[in-house]
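Heads up, the thing below is written out as structure tokens.
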Amino acid sequence: MDRYEGFREFVRGRQQSLMRTAYLLTGDAHLAEDLLQTVLTRVASHWHKLARNGNPEAYARKSLINQHISWRRRKLVEFPSLTLPERGRSYDEAVLRRLTLRQALTLLTPRQRAVLVLRFYEDRTEQETAQLMGCSRGTVKSQTHHALSRLRTLAPELAELLSDARTEVRG
């Protein structure tokens, strides 16, 4: 029996979703590719256990978050800083809002960024987010609150978008 039986299918089926998460965590396509490659190497080395009695996708997502936090703590990679385009140009407001949000996300702590990506981009529950991040549900709630407060300070022009998120956090 092939030790990696099913691994290739897992990668083909989940690669795009995992890559989007990696990109949202890092804010850079090349760093996201490096992060995902590092994590998939780890998943491959544990594949025989994960395929038999584990959840490979949950392990991969948790590894993405942990590896991203580890890189940020050790400052192994330089994370990009985004400068916004000049207002004089004709940009769609939605594009400007996405760019502003992206820039503000890069200024959050790795855990704050991870909790926002999991809760609002991946639409995970507080409990799922807590399991993926290896923390309590209360920690997820407080990290979400602090992250949204910090975003309000860093990017007041996103107030409408953030008030929708705040309503969801309370609900």
Residue ranges of helices (runs of 4 or more DSSP H) in region 1-72 with at least 1 members in contact with a His (Cβ under 8 Å, 6 or more places away or on another chain) and aliphatic (A, V, I, L, M): 7-26, 29-45
Within region 1-37, tally of residues that are in contact with a Pro (Cβ under 9 Å, 6 or more places away or on another chain) and either within 14 Å of V117 (Cα to Cα) or not hydrophobic (A, V, I, L, M, F, W, C) (or both): 6
Cβ-Cβ distance below 9 Å, separation of 6 or more or different chains: which pairs start in region 33-61 with a residue that is in contact (Cβ under 8 Å) with a residue 60 or more places away in the chain and under 16 Å from M19 (Cα atoms) and end on one that is of a type in the set (S, T, Y) and not in a helix (DSSP H, G or I)? none
Report yes if T26 is more than 15 Å from the chain's Cα centre (by Cα) and closer than 23 Å to L105 by Cβ, otherwise no. no
What are the residues in region 84-128 that are assigned to a loop (DSSP other than H, G, I, E, B) and at pLDDT 80 or above, if any? L107, L108, T109, E122, D123, R124, T125
Tell me, please, whether a residue that is surrounded by 14 or more Cβ atoms within 10 Å (Cβ to Cβ) and among the aliphatic types (A, V, I, L, M) can be found in region 1-9. no
Examine region 36-47 for a residue that is among the small types (G, A, S) and modelled with pLDDT under 90, and state whether such a residue exists. no
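The values are calculated or read from the model by the stated rules, or taken from the named source; none is laboratory data. This structure is a prediction, so every number in the text was calculated from the model and none was measured. Virtual Cβ from ideal backbone geometry, glycine too; neighbours counted across all protein chains shown.
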